[in-house]
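The values are calculated or read from the model by the stated rules, or taken from the named source; none is laboratory data. The shown structure was predicted, so the numbers you read here are calculated from the model rather than taken from an experiment. Virtual Cβ from ideal backbone geometry, glycine too; neighbours counted across all protein chains shown. Please note that ligands, DNA and RNA were not included when accessible areas were found on the heavy atoms of the full protein model with its side chains. Shrake-Rupley method; radii C 1.70, N 1.55, O 1.52, S 1.80 Å.
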Amino acid sequence: MVYKVLLADDEQGLRDITKKYLERNGFDVITAKNGAEAIAAVDKNVFDIIVLDIMMPEIDGRQVCQYIRTKYDVPVIFLTALGKEQDVIQGYEIGADEYVTKPFSMRELLARVSANIRRTAMAAAAAAAASSSAMPVAGDLSINTDSHQVFRAGQAID
């Protein structure tokens, strides 16, 4: 499976190098050069992870992250030059899953992207297994063992 990454950073050189590195490692990467483009991309695509600079024009990365958290459940990695403890804590408080400061190692970024995708995929698989085990099915009958309800062809039976 090819995972889809949004990479939003206003530094074109960094954006290009990071995109190429992630693509060489099997990811499908869409880029954005500012916060407005990032929000538009998030609303048009389904991403497995978002790598987001904080200091971008138009809409900064913090605001983009806050927007994402109101609508989507996707891991967000801040990739930024802001490395003070206060900046890092604020990043986590507004919804970042990871915080990587520039300059950074491409290998470390790749490891963090992969780890977050792996964790999200495992959580989704566990949730799917739990929901399927809570609804045994026989023909058009199903039973929700959590709510103790029986359904025939999707309709609740009293």
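Computed values, structure above
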{"read-out": "Number of positions in the stretch 82-108 that are small (Gly, Ala, Ser) and either in contact with a Ser or Thr (Cβ under 7 Å, 6 or more places away or on another chain) or assigned to a helix (DSSP H, G or I) (or both)", "value": "2"}
{"read-out": "Subset of the stretch 47-58 (residues that are of a type outside the set (A, V, I, L, M) and more than 13 Å from the chain's Cα centre (by Cα))", "value": "ASP53, PRO57, GLU58"}
{"read-out": "Any hit, the stretch 106-116, residues being over 15 Å from LEU7 (Cα atoms), without any contact (Cβ under 8 Å) to a residue 60 or more places away in the chain and surrounded by 13 or more Cβ atoms within 10 Å (Cβ to Cβ)", "value": "yes"}
{"read-out": "Candidates GLY35, GLY83, filtered to the one that is without any contact (Cβ under 8 Å) to a residue 24 or more places away in the chain and open to solvent by less than 70 Å² (accessible area, probe 1.4 Å)", "value": "GLY83"}
{"read-out": "Qualifying residue in the stretch 59-79 (condition: closer than 26 Å to GLU23 by Cα, without any contact (Cβ under 8 Å) to a residue 24 or more places away in the chain and under 14 Å from the mean Cα position of the chain (by Cα))", "value": "yes"}
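Yes/no matrix, rows are residues, columns are (1) not in a helix (DSSP H, G or I); (2) not acidic (Asp, Glu):
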{"site": "ASP10", "(1), (2)": "yes, no"}
{"site": "ALA38", "(1), (2)": "no, yes"}
{"site": "ASP43", "(1), (2)": "no, no"}
{"site": "MET55", "(1), (2)": "yes, yes"}
{"site": "ILE59", "(1), (2)": "yes, yes"}
